[in-house]
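To start, the structure under review is shown below, and the notes come after it.
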Amino acid sequence: MLNTKIKKIVKGSDRSTKYKKNIVFLIVSQTLGVFVSLMLVPITLNYLGTKEYGVWITLTTLIAWFSFFDIGLGHGLRNKYAEAKAQNDETNVRKYVSTAFYLLVLLSFLIFLIVLVASRFINWAMILNAPQALAPQLNILAIIVAGTFCIRFVVNIVSTLLTADQEPSIPALIGLLGQCLSLLVVYLITKLTTSSLLYIGIALSLSQIFPLVLAFIYLFSTKYKTIFPSLSYFSKPHIRSIFSLGIRFFVIQITALVIFQSNNIIIAHVCGLEDVTKFNIAYKYIYILTMAFSTFVNPLWSAITEAYIKEDTLWINNIIKRLNQLLLLLAFAGIILIMISPFVYKIWLNNTFTPNFVLLSLLLLYFIFYSRSLLYRSFMNGAGKISLQFIVTFIQSLLHIPFAILMGKYIGLPGIVMVMILWAFINAIWEPIQFSRIINKTAKGIWNR
């Protein structure tokens, strides 16, 4: 009994050490990432103009929907891989990786084929509420952006494996390299060419995926050489194993797609493209807080999978308590961000936009509720207890679009953000309750599935 407790403490210490190291690297990479992202906004905005920038944001939002269509394979692989590694089952590790990889290849091919064929009949300008003069550029750009997303679909498996190995700082670094390359390429384009949505789209699409492709080649030649995907390890039973958990993650992803990714489309049609730009600038500003909090939350998922399997509830409770304290500090930091926003906007956007205090305040409320929900959801995802999450988010997704359109028509852009806040507030109430029941072993029925 004593030996078991000692082992838990030692293992918890190893887990905590790895967690802290990841946080340090994540803070550095994500801070630089926020800086690069903020620099990219005025450069792109000045080059394209308000309306075309809004078109670009809306198009990338629409195409980004395809990243949700891995049918939960990424999240299913992440949990099953972490479980197999925790049990030192190398054969299952190889089978999970190979099975997921070839399924991702098949899905990416089908998705690109659908976009390629559909683009012959789709008027992207009409869908994006953009000027018809942009239609030819948008048709070409949609195919290019979809193609790069499909490549990302497959090669991003290395990010899934690294995160499952409790090393999320490496995917963050890869993402930072992509952002830096994007900034460099976009800057050169703005100096060498006249305004072109097509040029910007190609530059951003290719530059952001290039480091991920290199990482895929390098990591499967070194760190993951022994588990390089092989058809001989493709396993039909493992498809079922990944999908049994993954399909629920997939439906949750679809609901997240509706709730979060539909907002730019709704704003474009209900409020106009200029409001898409206003919303995204304000969102990027407040998103600094989300990035800061997610730096501490992102490494949790796979760490919790290991801790939950090994019944290390002491470690889980301690880390959740500390992150709740951090969230409170960030909420106060958000108030300061809003107070200094006129000064920041003036320097950041060179007087192109002035801050909307109502919008910023609403987005801060959204951040607080969303982040609290995100914290407890990380535990549920890591423990595989997602049935209640599945039901609640599915209902929210059915209600989101009609509610957002209605509120947008009557209140405008703030009304759409209010609907986002409503769902985040609801989730911030029930998810801590489920966490408490599971960790105290009092959860029954849907609360424990």
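The values are calculated or read from the model by the stated rules, or taken from the named source; none is laboratory data. Worth saying up front: this structure is predicted, and the values here are computed from it rather than measured. Neighbour counts run over all protein chains shown; Cβ positions are idealised from the backbone, glycine included.
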Residues of the stretch 333-377 that turn out to be more than 19 Å from Arg322 (Cα to Cα) and either in a helix (DSSP H, G or I) or aliphatic (A, V, I, L, M) (or both), as a count = 25
Failed criterion for Ile336 (all others in (1) over 30 Å from Leu77 (Cβ atoms); (2) aliphatic (A, V, I, L, M); (3) in contact (Cβ under 8 Å) with a residue 24 or more places away in the chain hold) = (3)
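Yes or no, residue by residue, for (1) farther than 22 Å from Tyr287 by Cα; (2) free of Cβ contacts under 8 Å to residues at least 24 places away in the same chain; (3) among the basic types (Lys, Arg); (4) loosely packed, with under 15 Cβ neighbours inside 10 Å:
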residue: Phe343; (1), (2), (3), (4): no, yes, no, yes
residue: Val358; (1), (2), (3), (4): no, no, no, yes
residue: Ser371; (1), (2), (3), (4): no, no, no, no
residue: Gly382; (1), (2), (3), (4): yes, no, no, no
residue: Met420; (1), (2), (3), (4): no, no, no, no
key: Residues located in the stretch 218-236, provided they are farther than 13 Å from Val97 by Cα, in a helix (DSSP H, G or I) and without any contact (Cβ under 8 Å) to a residue 12 or more places away in the chain   = Tyr218
ask   = Restricting attention to the stretch 296-310, which residues are in a helix (DSSP H, G or I), of a type outside the set (Phe, Trp, Tyr) and either more than 22 Å from Met420 (Cβ to Cβ) or over 16 Å from the mean Cα position of the chain (by Cα) (or both)?
value = Leu300, Ser302, Ala303, Ile304, Thr305, Glu306, Ala307, Ile309
inquiry  = Within the stretch 314-321, does at least one residue satisfy the condition of being free of Cβ contacts under 8 Å to residues at least 60 places away in the same chain, in a helix (DSSP H, G or I) and surrounded by fewer than 20 Cβ atoms within 10 Å (Cβ to Cβ)?
reply    = yes
request  = Mind listing whichever residues of the stretch 114-131 are modelled with pLDDT of 80 or more and polar (S, T, N, Q)?
outcome  = Ser119, Asn123
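Residue-wise test of (1) of a type in the set (A, V, I, L, M, F, W, C); (2) modelled with pLDDT under 80; (3) under 23 Å from Gly147 (Cβ atoms).
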| position | (1), (2), (3) |
| --- | --- |
| Leu26 | yes, no, no |
| Val36 | yes, no, no |
| Leu40 | yes, no, yes |
| Tyr53 | no, yes, yes |
| Phe66 | yes, yes, yes |
| His75 | no, yes, no |
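Can you name every residue in the stretch 240-288 that is small (Gly, Ala, Ser), modelled with pLDDT under 75 and either farther than 30 Å from Leu40 by Cβ or over 20 Å from the mean Cα position of the chain (by Cα) (or both)?
Ser244, Gly246, listed by residue number.
Can you name the residue in the stretch 86-143 that is polar (S, T, N, Q) and not in a helix (DSSP H, G or I) and, of all such residues, is surrounded by the most Cβ atoms within 10 Å (Cβ to Cβ)?
Here the answer is Asn129.
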